[in-house]
Each structure stands twice: as structure tokens, then as C-alpha cells.
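Here's the structure we're looking at; comments come further down.
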Amino acid sequence: MFGDNRVKEIELEDGTKIKTDGVFVAQGVAGSTDFAKKLGALTSKDRIIVNEKMETNVDGLYACGDCTGGLLQVSKAVYEGAIAGLEAIRKC
Ligand SMILES: Cc1cc2nc3c(=O)[nH]c(=O)nc-3n(C[C@H](O)[C@H](O)[C@H](O)COP(=O)(O)OP(=O)(O)OC[C@H]3O[C@@H](n4cnc5c(N)ncnc54)[C@H](O)[C@@H]3O)c2cc1C
């Protein structure tokens, strides 16, 4: 990486250089699917299986956002979170 106060250029392993306005550093994080599996939730290819109400197979356990797969965007996570929240309230 090259730059003074911020990264202005990166060099790939093959020597290719790419100009950039900045970089995201993404180190490994705990996967939510591992946690869900421990709770007994069914998963498929690292995504938690949910129905249209964002319910997992475990009663009272909901999943939403990236962990349910599909479009990995904030808008989808917020939409599914709203559904899960409302469904949880209805169930109380
Ligand atoms: C570099 C980058 C750029 C992006 N840019 C955009 C963009 O421009 N627009 C856009 O719409 N989307 C963008 N996204 C995608 C967006 O960030 C995700 O879709 C969104 O954050 C998903 O929200 P989420 O709540 O499902 O998951 P997350 O935001 O990942 O939140 C999940 C949280 O759960 C925590 N967690 C997981 N497992 C455990 C556990 N076992 N115990 C405790 N905590 C746990 C995690 O630490 C994390 O804080 C980008 C993603 C990346 C990586």
C-alpha cells in the first residue's frame, strides 16, 4: 500500500498497481451462522434458513440480513429486520 495520510494506491501480488481513494480492512469475524447452528437453526451453504416471516426452524429465533443470503445490502437487512421485529411483537 502506498500513501501518506491515506492509502492512495495498492499493489497486487502480480505487480498490478491500482489507484484508490481508500481501503476497507476486513479481518476475520465470528460468523453468525455458527452461532445459529449452535442454537439448532437449520443452515444451507453458510446462510440461515428462514421463512417469509424471517422465522428459523427454532421457535422464537429470527434471522435477517446478510446471514439469510441473497442480496447483501443494507436495505435488504433493514427490510428483513423490520419484518422479524414485527413478527416477534405479534407473537408475544
Ligand atoms: C466493504 C463493504 C462495503 C459495503 N458497502 C455497502 C454499500 O455501499 N451499500 C450497502 O447497502 N451495503 C454495503 N455493504 C453490505 C452491508 O454492509 C451489509 O449488507 C449489511 O451490513 C448487513 O447487515 P447485517 O446486520 O445483516 O450484518 P452486519 O452488519 O455484518 O452485522 C452483523 C453483526 O453481528 C455480529 N455477530 C456475528 N456473529 C456474532 C456472534 N456469534 N456473536 C456476536 N455477534 C456476532 C457481527 O460482529 C456484526 O456486528 C458493504 C459491505 C462491505 C463488507
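The values are calculated or read from the model by the stated rules, or taken from the named source; none is laboratory data. Since the model is a prediction, treat every value here as computed from it, not as a measurement. When we count neighbours, we look across all protein chains shown, and the Cβ atoms used for this are built from the backbone with ideal geometry, even at glycine.
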Over region 18-42, the set of residues of a type in the set (K, R) and either surrounded by 10 or more Cβ atoms within 10 Å (Cβ to Cβ) or modelled with pLDDT under 90 (or both) is K37
Only one of V50, V7, V78 that is free of Cβ contacts under 8 Å to residues at least 12 places away in the same chain and within 16 Å of the ligand (Cβ to nearest atom): V78
Within region 53-65, track down each residue that is surrounded by fewer than 17 Cβ atoms within 10 Å (Cβ to Cβ) and either free of Cβ contacts under 8 Å to residues at least 24 places away in the same chain or within 14 Å of the ligand (Cβ to nearest atom) (or both). N57, V58, D59
Filter region 54-87 for residues that are in contact with a Phe, Trp or Tyr (Cβ under 6 Å, 6 or more places away or on another chain) and assigned to a helix (DSSP H, G or I) and give the result. A84
Failed condition for K91, given (1) within 16 Å of the chain's Cα centre (by Cα); (2) away from the ligand (no atom under 14 Å from the Cβ), with all others met? (1)
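Matching residues to (1) touching a Gly at 6+ places or on another chain (Cβ under 9 Å); (2) not small (G, A, S):
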site	(1), (2)
S32	yes, no
E52	no, yes
E55	no, yes
V58	yes, yes
Failed condition for G70, given (1) touching a strand residue (DSSP E or B) at 6+ places or on another chain (Cβ under 9 Å); (2) among the small types (G, A, S); (3) surrounded by 11 or more Cβ atoms within 10 Å (Cβ to Cβ), with all others met? (3)
Going by the conditions given, is A26 without any contact (Cβ under 8 Å) to a residue 40 or more places away in the chain, hydrophobic (A, V, I, L, M, F, W, C) and over 15 Å from A84 (Cα atoms)? yes
For region 43-53, check the following and say yes or no: at least one residue is modelled with pLDDT under 95, over 30 Å from V7 (Cβ atoms) and assigned to a loop (DSSP other than H, G, I, E, B). yes
